[in-house]
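Everything on this sheet refers to the single structure shown next.
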Amino acid sequence: MKKLLVALTVLLSGCTVVDAYLMTKYDPNEYQIITGIRAEAGHAKTQCDSALTSRYNATKISYDTQTFVLYSEHIPRNDNLLAAAKALDNIAQGLADQYKQEKVSPAFCKIKFETIETSADKLQKVIGGRPR
Amino acid sequence: MRVEQLQQQLGECFNSSSDANVQAAAQTTNQYTEMFKAGQLQKNEYIQLLSDMHNTNIINKSAENQQVMENINLAIGELISLAMLAG
């Protein structure tokens, strides 16, 4: 037992161990928000041929990714996820801004929603894998 | 630098790296470039998609960091259980 503890202490710096031990616990609300974003993006990517529907979808998902950032912002020791939430929000805001400015090509719309979907899937795994 | 030269460099990057994320990024960039050249993407859309790769990189790193933390957390939990059993 002592050997195991010594090995762990030698292998890892003190801060890493403390960070890992105190890592943010699973939050069902956070998980619900990111699951919603993933589902929404998966559905929206099939509607890119309709400019009007896509514009609505892009605006809606940008509100949801913003909500995700705001929700995650004040959770202690959540810097890792917050950086990723902001990156996801940047992707979604970019799409919404594009719809505000000009005509959007269906290929671009599809790629953006696919990127949001795969990114949300990764973040869902991150949140779902947290200790309970 | 011409687009073709850039594509060639990306191809080299794709072939030389063993990192799955780098390979995926090189492949995706190439795909976007081909779509732009074919007129399927507008210039500002193409630029935005390339910028998004920086954002997806942040998300990938976050997922990797989390995995490391989870593994350490699991190991600590098991050590605590073992210590309690040892009395």
What do you reckon, is B:Ile80 surrounded by 13 or more Cβ atoms within 10 Å (Cβ to Cβ) and part of a helix (DSSP H, G or I)? no
Please determine, by comparing only the residues of the range A:116-131 that are facing another protein chain (nearest Cβ under 7 Å) and open to solvent by 20 Å² or more (accessible area, probe 1.4 Å), which one is modelled with the lowest pLDDT. A:Pro131
For the range B:40-53, indicate whether the set of residues that are under 28 Å from A:Tyr26 (Cα atoms) and modelled with pLDDT of 80 or more is non-empty. yes
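A quick yes/no check of all residues on (1) open to solvent by 30 Å² or more (accessible area, probe 1.4 Å); (2) part of a helix (DSSP H, G or I); (3) out of contact with any Phe, Trp or Tyr (no Cβ under 9 Å at 6 or more places or on another chain):
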residue: B:Gln23; (1), (2), (3): yes, yes, no
residue: B:Thr28; (1), (2), (3): yes, yes, yes
residue: B:Tyr32; (1), (2), (3): no, yes, no
residue: B:Phe36; (1), (2), (3): yes, yes, no
residue: B:Leu41; (1), (2), (3): no, no, no
residue: B:Asn44; (1), (2), (3): yes, yes, yes
residue: B:Leu49; (1), (2), (3): no, yes, no
residue: B:Asn55; (1), (2), (3): no, yes, yes
residue: B:Ile58; (1), (2), (3): yes, yes, yes
So is A:Thr59 more than 12 Å from chain B (Cβ to nearest Cβ), more than 21 Å from B:Ala25 (Cβ to Cβ) and surrounded by fewer than 14 Cβ atoms within 10 Å (Cβ to Cβ) or not? no
Would you point out the residue of the range A:72-96, among those that are charged (D, E, K, R) and either within 20 Å of A:Ala39 (Cβ to Cβ) or facing chain B (nearest Cβ under 9 Å) (or both), that is most open to solvent (accessible area, probe 1.4 Å)? A:Lys86
Based on this model, can you work out whether A:Ala51 counts as surrounded by fewer than 20 Cβ atoms within 10 Å (Cβ to Cβ) and under 11 Å from the mean Cα position of the chain (by Cα)? no
Only one of (1) within 12 Å of the chain's Cα centre (by Cα); (2) over 28 Å from A:Leu81 (Cβ atoms) does not apply to B:Asn55, and that is (2)
Every listed condition ((1) open to solvent by less than 70 Å² (accessible area, probe 1.4 Å); (2) within 13 Å of the chain's Cα centre (by Cα); (3) over 26 Å from B:Met35 (Cα atoms); (4) within 13 Å of chain B (Cβ to nearest Cβ)) holds for A:Tyr26 save (2)
What are the pairs with Cβ atoms under 8 angstrom where one residue, in the range B:29-58, is within 18 Å of A:Gln98 (Cα to Cα) and facing another protein chain (nearest Cβ under 9 Å) and the other, located anywhere, is among the basic types (Lys, Arg) and surrounded by 18 or more Cβ atoms within 10 Å (Cβ to Cβ)? Sequence gap at least six, or different chains. B:Leu49/A:Lys112; B:Asp52/A:Lys112
Output for the range B:1-21, where each listed residue is surrounded by fewer than 16 Cβ atoms within 10 Å (Cβ to Cβ) and aromatic (Phe, Trp, Tyr): none
Go over the candidates B:Ala86, B:Ala63, B:Ala24 one by one and state the one that is within 13 Å of the chain's Cα centre (by Cα) and facing another protein chain (nearest Cβ under 7 Å). B:Ala63
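The values are calculated or read from the model by the stated rules, or taken from the named source; none is laboratory data. Because the structure is a prediction, the values reported are computed rather than measured. All Cβ positions, glycine included, derive from the backbone under ideal geometry; neighbour counts span all protein chains shown. Side chains are part of the model used for accessible areas, which takes the heavy atoms of the whole protein and leaves out ligands, DNA and RNA. Shrake-Rupley method; radii C 1.70, N 1.55, O 1.52, S 1.80 Å.
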